[in-house]
Amino acid sequence: MIKFEDLKKDIPASIVVFLVALPLCLGVALASGAPIISGIISGIIGGIVVGIISRSHISVSGPAAGLTAVVFAAIHQLGDFQTFLMSVIIAGVIQIIGAYLRAGFIANYVPTSVIKGLLSSIGIILVLKQIPHAFGYDGIAEEDFSFVQSDNENTFSELLNIFNYFSYGAITVSVLSILILIYWKKIPFAWLRNIPASLFVVVFGIVINAVFNQFVPFLVIHEDHLVSIPKIDNINSLFTFPTFSSLANYNVWTVGVSIAMIASLETLLNLEAVANIDPHKRKVSPNRELLAQGYGNLVSGLIGGIPITSVIVRSSVNINAGAKTKMSTILHGVLLIISVFLLTPLMNKIPLASLAAILILTGYKLVEIKTFKSKFKKGWNQFIPFIVTIIAILFSDLLVGILIGLGVSILFLLKSNYRNPFKIKTEKMNVKETITIELPNQVSFLNKASIKNTLWKLPPNSNVIIEARNSDYIDEDILEIVNTFKDTIAVENNIQLNIYGFKEKFRIDDQIQFVNVIDKSEQEKLTSHEALEILVNGNQRFASGEFSEKYLNEQVIATSHHQHPIAVIVSCIDSRTSPELIFDLGIGDLISIRIAGNIINKEIVESIEFACKKIGTKLIVVLGHSNCGAVTYAVNSGTEAFESITSKIQHSIEACKCTPELIKDNPDELDKVIKANTNNSITEVLISSLYLNEEIKNRNITIVSGFYDTRTGLVDFIEF
């Protein structure tokens, strides 16, 4: 659903993206050796068709520099542009098939160091490639991002040419534009700050050049330094249609497969890069993006456009211009259509120096010094692939540079062992369902996809624990995912997050946002059988050694004024351990009454009544245990001592016809006595308390016997 608040951001952003995309579309077409209008067609399709199908909020698609060399060579190899268009159609179909085969998963395995290197290198290239335009030298195609250019110049030699061709007017416009962009938020007119700075800079460039023309002729920026859109006489002159008979040409299929592979890889990498600079860190399905790109290339090939990919430069401009949703992308495509037929005279008055200023500032924002420092601090396995990716892209092109960066990352990966997968479990901790993610001893970026997908798919408003007590190695990619989830995703989805166990070297501090302490309302809603289920689940964790984290210090604070226990436990004093540990529960979760042989007397009955009537407990457990010392003593010694205890146990001994000799020959006979004694204690509770008897009959309270096997740690329950 389109929101007005979003449109207020998306419409101005779309204008800025359109202004940047227009000359870039023309430049890519020119560098590709294709009809210049084919670049505009691709831009329109990338904005509208891909924008509608894609689920990315901020990615912008269109003709990309990474494919210029491939397109240029393919057109010459196939003989004409119409035949080449069949290859574009084939590429689109392959991408669509790849999307349905879920081939987009490869994007999840690109290391963060390579993605960060891609962003930084694009920033550096933007600055270097736009400096000539800022000085008024426009001898190269607007989006020729390769080091060696189509005019046989390179990035650095092109910088030297500005001293021979620079324009004082262009320098004036670019310097003033950069200053406006930098200080825009500090201007005193609040109403003016609502206009995007980039849009103002473009209008400013047109106006100031008109002023130069009227009053300062030597500063006038002439046509060769302005945007140049070809004149379109009628709609039919826009389109070029493919030669369908060329489907039988083997080379057409070869080129189509090549375009599909390169365009898909570039799109997926750009998608990951865009997600890195998205303020909201929104996850986008790579398969859906492949599908959108496939349909985009299919349509582009049908009506005369060159291949389309997701483009990092335009996407970065889109983000910096404040876009909120993909309406910005779609509207920029609409504006490209309008510009071709209605706005050509106005658009052709925009100085390229104005657009250069916007792109230089965009590039500057992509090259963050803190990223270099951060990667250096994280070690050579992060820093070297990062730097190699930057250098490789600077001195080759986007795709080659990324492949080199990936190769270096793989070399570092091969130095380490394959890593174990993480564990995830969902269980009720007390009354709250808690999702626990336990990281293994070794976590590499091979686990990146599964961990990211798991975290990003966690339900809103849930309780989540991420623990790394056993982790000795965690890849920086995983740490970055955890930090992003903690700082952005969990916050935006109202997920209560506990993080603990990360060693100091991982630079992730413990965070406790929730404690599984039951409050009054939860206790009142809890039934006795639900309370019993909590005890059963907790005992299973205890027996398996998979204890839940208690955060005891936080529990002390949370229960310092009130506690709302779920059960009252009558256990024996020598049961080896406390009920809270046996049932893996925390402070205030149980009322624990311990007495030798778990016998019942007046004081204990009144304590149970108090727990149920005044504190709100609905479950009573009389808990015996194997190898009970009190029962063993009563069997061996009768009632010679401790008469108040042993005399009550004698009833169970007599009922089981148990003797010391029988126990010696068959130790399991003692367990029968212990269980019978537990049942007798329950009977005594029911006889001694009219209140408890009535509440149990009316099913408001449940009483059960439990037998704790000290050999296995398990408790068997029997309901009365």
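None of the figures in this text is laboratory data; all of them are computed from the coordinates on show. Please read all numbers here as calculations on a predicted model, not as lab measurements. Backbone-built Cβ (ideal geometry, glycine too); neighbour counts: all protein chains shown.
Here the convex hull built on the C-alpha positions of the stretch 4-399 has a volume of 140 cubic angstrom per residue.
Extents of the stretch 460-560, taken as max minus min of Cα coordinates on every principal axis and listed largest first, are 47, 33, 26 Å. Converting phi to 3J(HN,Hα) with the Karplus coefficients 6.51, -1.76 and 1.60 and the offset θ = phi - 60°, the stretch 603-613 yields 5, 5, 4, 5, 5, 5, 4, 4, 4, 7, 7 Hz in sequence order, with x at every glycine or proline.
Note the direction-averaged projected area, equal to a quarter of the hull surface, for the Cα convex hull of the stretch 615-720, in nm². Don't skip to the end; give the middle numbers.
Details: hull surface 30.1 nm².
Mean projected area for the stretch 615-720: 7.5 nm², to one decimal.
Each residue, Phe506 and Tyr168, gets one label point 7 Å from its Cα in the Cβ direction; the gap between the two is 6.3 nm.
Counting only alpha carbon atoms, the long axis of helix 250-277 and the longest principal axis of the chain meet at about 60°. Taking amide hydrogens as modeled 1.01 Å from N in the peptide plane, which residues meet the under 5 Å criterion relative to Val311, leaving out close sequence neighbours? Placed amide hydrogens put Val60, Ser61, Gly62 under 5 Å from Val311. With the cut-off at 1.5 for a/c, could you classify the stretch 247-301 from its C-alpha gyration tensor as rounded, prolate or oblate? It comes out prolate by the Cα gyration axes.
The fewest-to-most ranking of Glu522, Glu603 by surrounding Cβ atoms within 10 Å reads Glu603, Glu522.
Quick one, can you get me the convex hull of the C-alpha atoms of the stretch 505-632 expressed as volume per residue in Å³? Intermediate values should be presented prior to the final figure.
Values: hull volume 17.0 nm³, N = 128.
Each residue corresponds to 132 Å³ of Cα convex hull volume.
Given the C-alpha centroids of the stretch 29-50 and the stretch 254-324, what is the distance between them in whole angstrom? With the stretch 29-50 and the stretch 254-324 each reduced to a Cα centre, they are spaced 14 Å.
Projecting the Cα atoms of Leu479, Leu446, Thr436 onto the charge dipole of the stretch 423-506 (Cβ charges, centred on the Cα centre) puts Thr436 farthest toward the positive pole.
Could you tell me what percent of the DSSP beta bridges with both partners in the chain are antiparallel, to the nearest 5? Walk me through the numbers before you get to the answer.
Details: 17 of 45 bridges.
Percentage antiparallel, nearest 5: 40.
With the simple model of a label 7 Å out from the Cα in the direction of the Cβ, Tyr364 to Glu223 spans 3.4 nm. For the stretch 526-719, the relative contact order comes to 24 percent (Cα pairs under 8 Å, sequence separation of at least 6).
In straight-distance terms, cross-link reach from Lys378 covers every one of the lysines whose alpha-carbon lies under 16 Å from its own, apart from those fewer than eight places away in the same chain; here that gives Lys116, Lys370, Lys503, Lys505. Between Glu530 and Ile391, the contour length at 0.36 nm per residue exceeds the alpha carbon distance by 43.9 nm.
For the chain, build the charge dipole from Cβ charges (+1 Lys, Arg; -1 Asp, Glu) around the Cα centre, then report which of Pro460, Tyr295, Val110 sits farthest towards its positive end. Going by the Cα projections, it comes out as Tyr295.
Backbone geometry of the stretch 297-302 corresponds, through the Karplus equation with coefficients 6.51, -1.76 and 1.60 at θ = phi - 60°, to 3J(HN,Hα) couplings of 5, 4, 5, 4, x, 6 Hz, x marking Gly and Pro. Every helix of 4 or more DSSP H residues in the chain counts as -39500 (n - 2.57), and over all residues that averages to -17500 deg cm²/dmol at 222 nm.
Rounded to the nearest 10 degrees, the angle from helix 68-78 to the longest Cα principal axis of the chain is 60 degrees.
If you take the charge dipole of the chain about its Cα centre, with +1 on Lys and Arg Cβ and -1 on Asp and Glu Cβ, which of Leu160, Ser705, Ile663 is farthest toward its positive end? Positive-end residue among those listed: Leu160. Evaluating kT/(6 pi eta Rh) at 4 °C and 1.567 mPa s, with the Kirkwood radius of the stretch 526-719 over Cα pairs in the Stokes-Einstein relation, gives 75 µm² s⁻¹. The Cα atoms of the stretch 230-350 cover 48, 38, 19 Å along the three principal axes, with the biggest extent listed first.
Dimensions of the stretch 423-506 along the principal axes, based on C-alpha atoms and rounded to the nearest Å, stand at 34, 24, 22, largest first.
Compute the relative contact order of the chain as a whole-number percentage, counting only Cα pairs closer than 8 Å that sit 6 or more residues apart in sequence. Walk me through the numbers on the way to the answer.
Working: 1313 pairs, mean separation 111.6, N = 720.
Relative contact order for the chain comes out at 16 percent.
Couplings for the stretch 670-684, taken from phi via the Karplus curve 6.51 cos²θ - 1.76 cosθ + 1.60 with θ = phi - 60°, read 5, 4, 4, 5, 4, 5, 5, 5, 5, 5, 4, 5, 5, 4, 5 Hz in order; Gly and Pro are left as x. Taking a straight line from the alpha carbon of Lys657, these lysines sit under 25 Å away, with near neighbours fewer than eight places off in the same chain left out: Lys648, Lys672, Lys675.
Could you give the size of the charge dipole of the stretch 571-622 about its Cα centre, using +1 on the Cβ of each K and R and -1 on the Cβ of each D and E, expressed in debye and rounded to the nearest 20?
140 debye
Quick one: length gained pulling Phe105 to Trp253 fully straight, 0.36 nm per residue minus the C-alpha distance?
50.8 nm
Enter the per residue convex hull volume of the stretch 265-408, computed from alpha-carbon coordinates, in Å³ rounded to the nearest integer. Please list the in-between numbers first.
Numbers: hull volume 21.6 nm³, N = 144.
Taking only Cα atoms, the stretch 265-408 has a hull volume of 150 Å³ per residue.
Averaging the Cα positions of each part gives two centres, and for the stretch 341-373 and the stretch 501-538 these lie 52 Å apart. The Rg/Rh ratio for the chain is 1.19, where Rg is the radius of gyration of the alpha carbons and Rh is the Kirkwood radius.
Magnitude of the Cβ-charge dipole of the chain, K/R +1 and D/E -1, about the Cα centre, nearest 20 debye?
Numbers: 57 positive and 63 negative charges, 288 e Å.
Roughly 1380 debye, rounded to the nearest 20.
What does DSSP give for the stretch 549-632 in terms of the percent of beta bridges that are antiparallel, rounded to the nearest 5? It would help to have the intermediate numbers written out before the result.
Working: 0 of 9 bridges.
If we restrict to bridges inside the stretch 549-632, about 0 percent are antiparallel.
Given R₀ = 60 Å, what would the calculated FRET efficiency be for Arg55 paired with Thr683, taking r from the Cβ atoms and rounding to 0.05? List each step's numbers first, then the result.
Values: r = 65 Å, r/R0 = 1.08.
The calculated FRET efficiency here is 0.40.
Between helix 168-183 and the chain there is an angle of about 20 degrees, using the helix long axis and the longest principal axis of the Cα atoms.
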